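The values are calculated or read from the model by the stated rules, or taken from the named source; none is laboratory data. No experiment lies behind these values; they were computed from the predicted model shown. Here the Cβ is made from the backbone with ideal geometry for all residues, glycine too, and neighbour counts use every protein chain on show. With ligands, DNA and RNA removed, areas are computed over all heavy atoms of the protein, side chains included. Shrake-Rupley method; radii C 1.70, N 1.55, O 1.52, S 1.80 Å.
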Amino acid sequence: MARTTPRPPPPLTQTVQPLIRHCPCCGESMGAAYHPYRTITTLEAILRLTLQIRRCLNPACPQVRKPYRPEAAGRLALPKHEFGLDVLTCIGTQRYAHHPRVPTLHPALVARGLAVAPRTVTNLWERYDALVALSLQDTARLRRLTQPQGRVILALDGLQPDVGHEVLWGLRDCLAGEVLLARRLLSATHDD
């Protein structure tokens, strides 16, 4: 079913830029190419992200005109998702800790102030399971994701958990924008 009410307007805005300003292939300066927008709903607020995309303009470079996206965007949400990793982790943690059904979990999220549909909760639940099932042993999948770029720039993303709660950690390829591996881990104290 389509959304029947508009999404609340985002009260917070943030601009994220790539950490690298020079092409990793040829070393030339990369110019800002365009600035797409994303709206992400997290457990705390709705956030409007402005992403600065850079491209190498050196015609001799094999990576000419290929977009280089900000690494920090993957820390907040998966590509093409409107809900943050914290929402995804909250749903997954509840699923494995308490084994609730979607009709029980949906009202709990709405009570936290999230404008989310029951079907979206189901989709996020399934996405969490799919991420946890990813494995580095699937070399054909990894080769298919990373071979077009010829190299990999890795980012390790996770949330700052409360002690004793699970957190979802993801290993991403910044060039392909794909999650290569995801694991849920129980946080512990520093001494542990």
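Among 11-17, 75-81, 24-30, how do they line up by average Cβ neighbours within 10 Å per residue, starting with the highest?
75-81, 24-30, 11-17
Quick check for you: with a 1.4 Å probe and neighbouring chains kept, what is the accessible area per residue of the range 51-153, in Å²?
Solvent-accessible surface per residue comes out at 54 Å².
Is it possible to state the helix-based mean residue ellipticity at 222 nm for the chain, with each DSSP H run of 4+ residues giving -39500 (n - 2.57), the sum divided by total residues, to the nearest 500 deg cm²/dmol? What is it?
-8000 deg cm²/dmol
Taking amide hydrogens as modeled 1.01 Å from N in the peptide plane, which residues meet the under 5 Å criterion relative to L78, leaving out close sequence neighbours?
For L78, the qualifying residues are L85.
In whole Hz, what ³J(HN,Hα) sequence does the range 8-22 give by Karplus (6.51, -1.76, 1.60; θ = phi - 60°), x for Gly and Pro?
x, x, x, x, 10, 10, 8, 10, 10, 10, x, 6, 8, 9, 10
Taking amide H positions as placed 1.01 Å from N in the peptide plane, with prolines and chain starts having none, which residues 5 or more places from A182, or on another chain, fall under 5 Å of its amide H?
The list, which skips near neighbours in sequence, is L134, L171.
Can you compute the FRET efficiency between E28 and W169 using 1/(1 + (r/R0)^6), with r the Cβ-Cβ distance and R0 = 35 Å? Round to the nearest 0.05.
0.55
Per the Kirkwood treatment, what hydrodynamic radius in Å, one decimal, follows for the range 5-93 from the mean inverse distance over all distinct Cα pairs?
It is 14.4 Å.
Per-residue HN-Hα couplings for the range 73-88, Karplus 6.51 cos²θ - 1.76 cosθ + 1.60 at θ = phi - 60°, whole Hz, x for Gly and Pro?
5, x, 6, 8, 7, 6, x, 6, 10, 9, 10, x, 4, 5, 5, 4
With the crude spin-label approximation of a point 7 Å out along Cα→Cβ, what separation in nm comes out for N123 versus K80?
1.1
Could you work out what % of the accessible surface of the range 26-113 is carbon and sulfur, using a 1.4 angstrom probe and leaving DNA, RNA and ligands out of the count?
53
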